[in-house]
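Take a look at the structure below.
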Amino acid sequence: MKVRYSYLQQQFADPEPIFKKIRQLLKNGSFTLGEDVKEFEKSFAALIGTKWAVGVGSGTDAIILALKAIGVSHDDEVITAANTFIATAGAINAVGAKPVFVDVTSYFTINPDQIERKITKKTKAIIPVHLTGEPCDMTPIMRIAEHHGIPVIEDACQAIGAAIDGKNVGTFGVAGCFSLHPLKNLNVWGDGGIIVTNNNEVSERLRLLRNHGLKNRDEIEILGYNSRLDSLQAIVGQWLINQVGEITIKRIANAATYSCALQNLQGEIFLPPRRPNAKRVFHLYQFEVKQRDMLYKYLNDSGIEAKIHYPISLHLQKPFREMGYREGDFPEAEKQARHVLSLPVDQYLSKEEILYVVQTIEKFCSKLKVAV
Ligand SMILES: *Cc1c(COP(=O)(O)O)cnc(C)c1O
């Protein structure tokens, strides 16, 4: 049996409803910032529960523009998690600021206890990353940020629909950034991103920043960029947005099946702890395993596309080593880089496929026992 990681072919197997709207787009010619983008932004804000949503070119641009909108620039410092995807740190660097990493917890998210000691006079923002679809521990993070008067921008690129006590991620900080990349839970046909906020001023600045700072056709208000969400992508997003609830439910159910089976393999496999008030949306189903490289190979040899997110902790990548980061700086993130493994968990997996994955892992673990 083969268990593939990418499910895009299944997701867009019947593109007719999307094509129908694209044909209309060809007639009205409103390829950028038209009604389709407005409609999608409205739906997205309603889904997350914010006043505003602003469509931009990618999840990375969402973070860049959010940082710009709150005035982060050269020589500032921005605190984020040491295990995040490169885009978070790249966005911080792109506005001229320095990424300041903080170690993570066994939930794979930033450790709130270690944030405060990294705050300096130069700290202008904190970016918690809801990695894998697991909400960060936002209560202490917001308490620290408010105490020091530092704005929080959430990197929710992997976490659409995740929540704490029923409050969606993306709504805790001044802005929440989402990616619409083909590998994310709400995915379009290329790059796309969207920022949510309840702050009118931030929303207005984001709208200017994404469109050259143009107030109207002729007048420039501030210096901006070109980072607009294409109407075409907004059409795809609008078609999918009604399915996000269903997608999330299926991912959670798949994850529950895995967790139920894998918890019997304690000693070999370590599942991240659960918090009853946190809704996780499983962009990734990730856990730690002692013999990670062996299991990774065993699964892939058995036709199961397991992945590693990510084998090298971010601070140990070349550009960050050059900034002075070293091995031993973030022991938890480094340990996770050696031990994490991700299984396919998407909404199109069949019961048989999940069972096959579980049985293959069980077989692997029983072989290890025999070997000992
Ligand atoms: C995907 C991702 C991004 C960037 O999104 P793009 O749309 O690919 O630019 C940022 N942060 C995290 C955590 C991501 O997973």
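What number goes with the only condition from (1) outside any loop (DSSP other than H, G, I, E, B); (2) within 11 Å of the ligand (Cβ to nearest atom); (3) touching a His at 6+ places or on another chain (Cβ under 9 Å) that Leu183 does not pass?
In the conditions (1) outside any loop (DSSP other than H, G, I, E, B); (2) within 11 Å of the ligand (Cβ to nearest atom); (3) touching a His at 6+ places or on another chain (Cβ under 9 Å), Leu183 misses (1) alone.
Given Val188, Val169, which one is within 20 Å of Lys250 (Cα to Cα), within 14 Å of the ligand (Cβ to nearest atom) and touching a helix residue (DSSP H, G or I) at 6+ places or on another chain (Cβ under 6 Å)?
Of the residues listed, the single one that is within 20 Å of Lys250 (Cα to Cα), within 14 Å of the ligand (Cβ to nearest atom) and touching a helix residue (DSSP H, G or I) at 6+ places or on another chain (Cβ under 6 Å) is Val188.
Can you confirm whether the stretch 301-316 contains a residue that is farther than 17 Å from Leu131 by Cα and surrounded by 20 or more Cβ atoms within 10 Å (Cβ to Cβ)? Explain how you work it out, then say what you get.
Taking the stretch 301-316 first, the residues farther than 17 Å from Leu131 by Cα are 301-306, 316.
Okay, now just the ones that are also surrounded by 20 or more Cβ atoms within 10 Å (Cβ to Cβ), so 304, 306.
Looking through the stretch 301-316, at least one residue is farther than 17 Å from Leu131 by Cα and surrounded by 20 or more Cβ atoms within 10 Å (Cβ to Cβ).
Every residue, every condition in (1) crowded, with 20+ Cβ neighbours inside 10 Å; (2) assigned to a helix (DSSP H, G or I), yes or no:
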site	(1), (2)
Gly96	no, no
Phe108	yes, no
Thr132	yes, yes
Pro135	yes, no
Ile153	yes, no
Ala159	yes, no
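I'd like to know if the stretch 71-89 contains one or more residues that are within 14 Å of Ala125 (Cα to Cα), in a helix (DSSP H, G or I) and within 13 Å of the ligand (Cβ to nearest atom).
Yes.
Quick check, is Ala145 touching a helix residue (DSSP H, G or I) at 6+ places or on another chain (Cβ under 6 Å) and crowded, with 21+ Cβ neighbours inside 10 Å?
So Ala145 does not fit the description; no.
Is one or more of the residues making up the stretch 26-38 of a type in the set (A, V, I, L, M), touching a Lys or Arg at 6+ places or on another chain (Cβ under 6 Å) and either within 30 Å of Thr88 (Cα to Cα) or part of a helix (DSSP H, G or I) (or both)?
yes
Yes/no per residue for (1) over 11 Å from Leu186 (Cα atoms); (2) assigned to a loop (DSSP other than H, G, I, E, B); (3) free of Cβ contacts under 8 Å to residues at least 12 places away in the same chain:
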site: Glu201; (1), (2), (3): yes, no, yes
site: Arg205; (1), (2), (3): yes, no, no
site: Asn216; (1), (2), (3): yes, yes, yes
site: Gly224; (1), (2), (3): yes, yes, no
site: Arg228; (1), (2), (3): yes, yes, no
site: Leu232; (1), (2), (3): yes, no, no
site: Gly237; (1), (2), (3): no, no, no
site: Leu240; (1), (2), (3): no, no, no
site: Thr248; (1), (2), (3): no, no, no
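When the stretch 5-26 is examined, which residues are found to be over 16 Å from Ala234 (Cα atoms) and basic (Lys, Arg)?
none
Sort out which residues of the stretch 212-268 are among the small types (Gly, Ala, Ser) and under 30 Å from Tyr7 (Cβ atoms), and write them in order of number.
Ser227, Ser231, Ala234, Gly237, Gly245, Ala253, Ala255, Ala256, Ser259, Ala261
Residues of the stretch 343-372 being closer than 15 Å to Glu268 by Cα and surrounded by 14 or more Cβ atoms within 10 Å (Cβ to Cβ), which ones?
Val358, Thr360, Ile361, Glu362, Phe364, Cys365, Leu368
Output the residue which, of all residues in the stretch 260-280 that are closer than 16 Å to Thr105 by Cβ and of a type in the set (Lys, Arg), is surrounded by the fewest Cβ atoms within 10 Å (Cβ to Cβ).
Taking the candidates together, the pick is Arg274.
Of the numbered conditions (1) without any contact (Cβ under 8 Å) to a residue 40 or more places away in the chain; (2) in contact with a Leu (Cβ under 9 Å, 6 or more places away or on another chain), Leu343 satisfies every one except a single condition; which is it?
With (1) without any contact (Cβ under 8 Å) to a residue 40 or more places away in the chain; (2) in contact with a Leu (Cβ under 9 Å, 6 or more places away or on another chain) applied to Leu343, the lone miss is (1).
Give the residues of the stretch 25-66 that are among the charged types (D, E, K, R) and surrounded by fewer than 19 Cβ atoms within 10 Å (Cβ to Cβ), sorted by residue number.
Residues of the stretch 25-66 among the charged types (D, E, K, R): 27, 35-36, 38-39, 41-42, 51, 61.
Hits for the stretch 25-66 are Lys27, Glu35, Lys38, Glu39, Lys42, Lys51.
Any read-out appearing in this document is the output of simple, stated calculations on the displayed coordinates, not a laboratory observation. None of the values given here were measured: they were computed from a predicted structure. FYI the Cβ positions are ideal-geometry reconstructions off the backbone, even for glycines, and counts take in every protein chain you see.
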